[in-house]
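What follows is one structure encoded as structure tokens, with my remarks underneath.
The values are calculated or read from the model by the stated rules, or taken from the named source; none is laboratory data. Keep in mind that what you see is a predicted model, and the values were worked out from it rather than measured. Don't worry about glycine lacking a Cβ; one is built from the backbone with ideal geometry, like all the others, and counts go over all protein chains shown. Calculation scope for accessible area: heavy atoms of the full protein, side chains included, ligands and nucleic acids excluded. Shrake-Rupley method; radii C 1.70, N 1.55, O 1.52, S 1.80 Å.
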Amino acid sequence: MSLCSTVMKTLIFFTFSLHLSSADKHYYQYFYTGVTPGINFPEFTAVGMLDGLQVNYYDSNIMKFEPKTEWIKKVHNDDPDVWNRWSKNFKEGTQESFKVGVDTLMQRFNQTTGVHTWQMMCGCELDDDGTVRGYTQFGYDGEDFVSLDLKTKTWVAPTPKALITKNKWDPDTGYNNNWKNYLEKECIDWIKKYVSYGRETLERKVRPETSLFQEEASSPEVVCHATGFFPKAVMIFWRKDGEDVHEDVELRETLPNQDGSFQKRSILKVPAEELQKHTYTCVIQHSSLEKELVLNVSERQILKGGGSMVIIIGVVVALIVLVLIAVVAGIIVWKKKNSGFKRAPASEESSSTNS
């Protein structure tokens with residue numbers, strides 16, 4: 001597997017894996033990645049994200065676990081040495097464990113060369129009604145490997161080679177009980193604590209800036225674009241003569257902007273003559289809006305010949321940000337959209353992940 005293909009899988013997973021952030025739900029996630037040495041990329045990275053915002057980071061090059069927001073620093077003002085302790089846990093424990101994980105699976109798959117990844121995602125969610133959910137999952141080279149069933153406290157293995165790991169981990173009831181306790185209790189406690197400090201940022205509401213454009217008048221695609229909004233949850237859909245349109249529509253994934261806001265686009269694919277025969281509108285719904293925004297396709301911009309490039313540049317910047325976050329986080333493609341990874345059950349940063 002090439003580094004390029006690994007990064008592409010990383011990007012694809014990132015765009016599909018993040019949950020929608022809203023004022024009535026908060027989620028806390030960790031992403032760990034071990035990668036084969038010899039490339040221009042840290043052998044181990046770890047990223048913590050709260051409601052889709054990066055809040056901390058570690059990699060094996062800097063060997064420091066660092067806060068990425070000012071308010072996260074304030075959470076631990078009463079224990080200023082906590083970052084050093086977590087850095088030590090990563091350096092002496094987790095990153096070595098992930099290195100072993102990569103080596104073990106390369107041997108299991110009879111691989112001696114190439115770029116290979118051993119990765120984990122875990123996290124928890126807290127709804128405003130008190131409902132909690134937790135998940136943890138491992139992946140190898142961009143594919144599902146094992147995931148934890150919290151009800152049975154056993155591991156789910158989709159392939160024969162993963163079954164080896166399942167048979168090794170299932171008997172360790174103490175370890176699996178620790179996972180359940182972390183995902184359903186400790187992780188939730190972290191959400192509550194972090195949200196109490198970061199509420200101003202996490203629960204702010206920012207209206208989207210919108211635009212409707214076409215590359216040229218004869219193009220069969222019309223783009224409805226919303227950007228700069230927060231929180232992440234947004235609905236974009238189309239209507240034809242007042243009726244919702246479900247076909248000939250491509251809804252793109254939500255992308256992050258550099259300032260912590262988000263952007264999203266939906267593409268209507270119909271012949272140009274159809275646009276003249278009917279009234280098409282793009283409808284945008286967001287929690288920051290008192291009522292939905294309705295954009296009439298007849299008022300779209302035609303970009304060819306000096307049209308606004310701000311939209312295009314904005315999307316490129318968002319993709320660059322997304323790639324950077326994805327590569328930093330070391331996230332990979334999972335076949336199951338709502339599955340998770342595997343993280344330290346006993347404390348904020350410590351894990352045994354030998355496969």
For segment 172-187, indicate whether the set of residues that are at pLDDT 95 or above, surrounded by fewer than 16 Cβ atoms within 10 Å (Cβ to Cβ) and not in a helix (DSSP H, G or I) is non-empty.
yes
Specify which of the listed residues (261, 266) is closer than 30 Å to residue 54 by Cα and modelled with pLDDT of 95 or more.
266
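Select from segment 188-228 the residues that are assigned to a strand (DSSP E or B) and among the acidic types (Asp, Glu) and write down the one among them that is most open to solvent (accessible area, probe 1.4 Å).
Filtering segment 188-228 down to residues assigned to a strand (DSSP E or B) leaves 206, 209-214, 221-228.
Next, only the ones that are among the acidic types (Asp, Glu) stay: 209, 221.
Values: 209: 128, 221: 73 Å².
The qualifying residue most open to solvent (accessible area, probe 1.4 Å) is 209.
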Among the numbered conditions (1) under 17 Å from residue 299 (Cβ atoms); (2) touching a residue at least 40 places away in the same chain (Cβ under 8 Å), tell me where residue 276 comes up short.
(2)
Selection from segment 130-150 of residues farther than 15 Å from residue 105 by Cα and either part of a helix (DSSP H, G or I) or touching a helix residue (DSSP H, G or I) at 6+ places or on another chain (Cβ under 9 Å) (or both) yields 132, 133, 134, 135, 136, 148, 150
In this structure, is residue 331 at pLDDT below 85, part of a loop (DSSP other than H, G, I, E, B) and in contact with a strand residue (DSSP E or B) (Cβ under 7 Å, 6 or more places away or on another chain)?
yes
Taking interchain pairs and intrachain pairs at least six residues apart, which have beta carbon atoms under 6 angstrom, with the first residue in segment 173-190 and touching a residue at least 40 places away in the same chain (Cβ under 8 Å) and the second aromatic (Phe, Trp, Tyr)?
187/28; 190/28
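Tell me, which residue of segment 23-39 that is part of a loop (DSSP other than H, G, I, E, B) and at pLDDT 90 or above is least open to solvent (accessible area, probe 1.4 Å)? Before the answer, list the steps.
Narrowing segment 23-39 to residues part of a loop (DSSP other than H, G, I, E, B): 23-24, 36-39.
Add one more test, that the residue is at pLDDT 90 or above, and what stays is 36-37.
Details: 36: 9, 37: 81 Å².
By that ranking, first place goes to 36.
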If I filter segment 47-72 down to residues being among the hydrophobic types (A, V, I, L, M, F, W, C) and within 29 Å of residue 130 (Cβ to Cβ), which single residue comes out as modelled with the lowest pLDDT?
53
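What about residue 66, is it under 23 Å from the mean Cα position of the chain (by Cα) and open to solvent by 30 Å² or more (accessible area, probe 1.4 Å)? Step through it out loud before you land on a result.
Working: under 23 Å from the mean Cα position of the chain (by Cα): yes; open to solvent by 30 Å² or more (accessible area, probe 1.4 Å): yes.
For residue 66, the condition - under 23 Å from the mean Cα position of the chain (by Cα) and open to solvent by 30 Å² or more (accessible area, probe 1.4 Å) - is met.
Of the residues 219, 266, only one is polar (S, T, N, Q), more than 24 Å from residue 201 (Cβ to Cβ) and touching a Cys at 6+ places or on another chain (Cβ under 8 Å); which?
Every option except 266 fails the conditions.
Tally up the residues in segment 74-87 that are farther than 10 Å from residue 56 by Cβ and either among the charged types (D, E, K, R) or part of a helix (DSSP H, G or I) (or both), please.
To start, the set of residues in segment 74-87 that are farther than 10 Å from residue 56 by Cβ comprises 74-82, 84-85, 87.
Cutting the leftovers down to either among the charged types (D, E, K, R) or part of a helix (DSSP H, G or I) (or both) gives us 74-75, 78-79, 81-82, 84-85, 87.
The total comes to 9.
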Which residues, counting only those in segment 250-266, are open to solvent by 50 Å² or more (accessible area, probe 1.4 Å) and over 17 Å from the mean Cα position of the chain (by Cα)?
250, 251
